[in-house]
Amino acid sequence: MSQPNAPIRLAVIDADSGFVRVLAKRLETMSWQFRALEAPVPAHELIAMRLNALVLDVSLLGPQAWEYIERVGEGIPGLGLIVCTGRSTVAQRVRALRLGADDWITKPCHPEEVIARVEAVVRRRKRADIRTDRGPLVAGELEIRMDQFQAFVGGQNLDLTRREFELLQLLAEARGQVLQREEIYQRVWGYAMAHGDRSVDVFVRKLRQKLESGSPGWRYIHTHFGIGYRFQPESRDGAAPPPGPEAVEPAEALEAAEAAEAVEPERSTSTA
Amino acid sequence: MRFRRAAPDERLLTLLEEAAGNARVATETLRDLLADYPERRHLARELLKQEQDGDRITHDILHRLAQNGVRSPFPSSDVHALAGALDDIVDYAEQTADSLGLYGVEAPMEQAQELANVLAKAGAAVEIAVAALRDRSELGSRLVPIHQLENEGDRLSREAIASLFARGIDPMVVIRWKDIFESLEQAIDSCETAAHVLEGIALQAS
């Protein structure tokens, strides 16, 4: 969900406060979004941070370092992982790179070098993203274009904000599945949802208004009271969805959605 | 020393009632603003106008009090304190609305909506209590709901602030909402301050 010119979101897992402070000071001037973590956090928390890159001192993890690198690499394919640690052997460096690390920097190191290597890793990731970019996702009359961060109906731009687009993309990619408010918030806003926060409801309402205005004959987002929301295009007159490029959605994602829908107990549902 | 009852100055009582009425309207405006935020964010402008009205009324009260020949039905210090508390209710309500815009709040929190509901009830209770100044025999019983609402507001506010410090919440959310919860609580506290002043007046009248 990263935009081409968005600031790099970086987290550093390192207990060396001096190193982290110097790096943070330099990054402040570059407008990067930076988070310093003194201890490793589970992969799902890293996902929620919506990072572009992670700089990790493996010495904090001891023998668990290899498993952690593998888990993060597999769990967050879009994340650039740079190991930055003290002296190491060739075997250790090779092992980390083979398990999923993108680069290895040996301390002591200059913050400029760390930044340059992070930039290089993120650049490579972005090029790979562009190469593997999927085509538009079509649902009902709606065409969701990831490359333009926008949705269209009959070629007409729905004028979604970035947040609205990310919300629509998340819901549409989980087509047929009920997503809980907390999960939606974590994936779109990048943080845990505070108890009582109505952001998801407000943004779903805004998104619905735009979808309704652009495609009045269709219903897309369904409310599951007390739980969350489900994306499922439904024609208001009961007509079948128009034939077309719906197949551009990955087949396995569709299958997963259908399987999830088959087992999902249907609770009280309202549609807008 | 008991304060000697004087013939009430009609204009002064009317101004105090006007101030209490303005406080009630301001708290209701804030409640409505938060209930449907951001759909009715234009209500923040109305609150700003109510805050300016509150300042004008407070000025008129103090000016009236300073006029030669005007005899307050209760000590001037109580009139000052009451006018100040009524003005504070409106000021904190307006500050809350202003913070929503200032901090770029995109959506409300349920706890803020609950606090605003309590505040609106407290504002209405204050208006009723101030109206009872004309016949002070009923004043004491009019103050009980204000104290109860303040206790409820206190509890809600503490729980709301505590909920912000759960793990993994965006620090910007914490900063914004802690301030907003606190200004809502201060508005409710000002209702209780008004109740304390009225309580003093009621005791002097008994």
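The values are calculated or read from the model by the stated rules, or taken from the named source; none is laboratory data. Computed from a prediction, not measured in an experiment: that's the story for all the values here. Virtual Cβ from ideal backbone geometry, glycine too; neighbours counted across all protein chains shown.
Summary of computed values
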quantity	calculated
Yes/no for B:GLU46 being away from chain A (no Cβ under 14 Å), surrounded by 15 or more Cβ atoms within 10 Å (Cβ to Cβ) and of a type in the set (D, E, K, R)	yes
Boolean, B:GLN113 is polar (S, T, N, Q) and away from every other protein chain (no Cβ under 14 Å)	no
Pair list, Cβ < 8 Å and 6+ apart or interchain, from region B:170-184 residues that are under 12 Å from B:GLN111 (Cα atoms) and touching a residue at least 60 places away in the same chain (Cβ under 8 Å) to residues that are among the aromatic types (Phe, Trp, Tyr) and buried (at least 19 other Cβ atoms within 10 Å of the Cβ)	B:LEU184/B:TYR92
Region A:165-200 - residue that is within 11 Å of another protein chain (Cβ to nearest Cβ) and part of a helix (DSSP H, G or I) and, of those, surrounded by the fewest Cβ atoms within 10 Å (Cβ to Cβ)	A:GLU182
One residue from A:PRO77, A:PRO7 being at pLDDT below 85, in contact with a Ser or Thr (Cβ under 7 Å, 6 or more places away or on another chain) and assigned to a loop (DSSP other than H, G, I, E, B)	A:PRO7
Flag if B:ARG134 is outside any helix (DSSP H, G or I) and either small (Gly, Ala, Ser) or at pLDDT below 95 (or both)	yes
Residues that are surrounded by fewer than 19 Cβ atoms within 10 Å (Cβ to Cβ) and basic (Lys, Arg), drawn from region A:48-71	A:ARG71
Subset tally (residues that are more than 30 Å from B:ALA20 (Cβ to Cβ), more than 9 Å from every other protein chain (Cβ to nearest Cβ) and of a type in the set (Gly, Ala, Ser)) for region B:148-192	1
Residues of region B:184-206 classified as under 20 Å from B:GLU28 (Cα atoms), surrounded by fewer than 22 Cβ atoms within 10 Å (Cβ to Cβ) and of a type in the set (S, T, N, Q), total	2
Region B:88-109 - residue that is aliphatic (A, V, I, L, M) and either more than 14 Å from chain A (Cβ to nearest Cβ) or part of a helix (DSSP H, G or I) (or both) and, of those, nearest to B:ASP53 (Cα to Cα)	B:VAL90
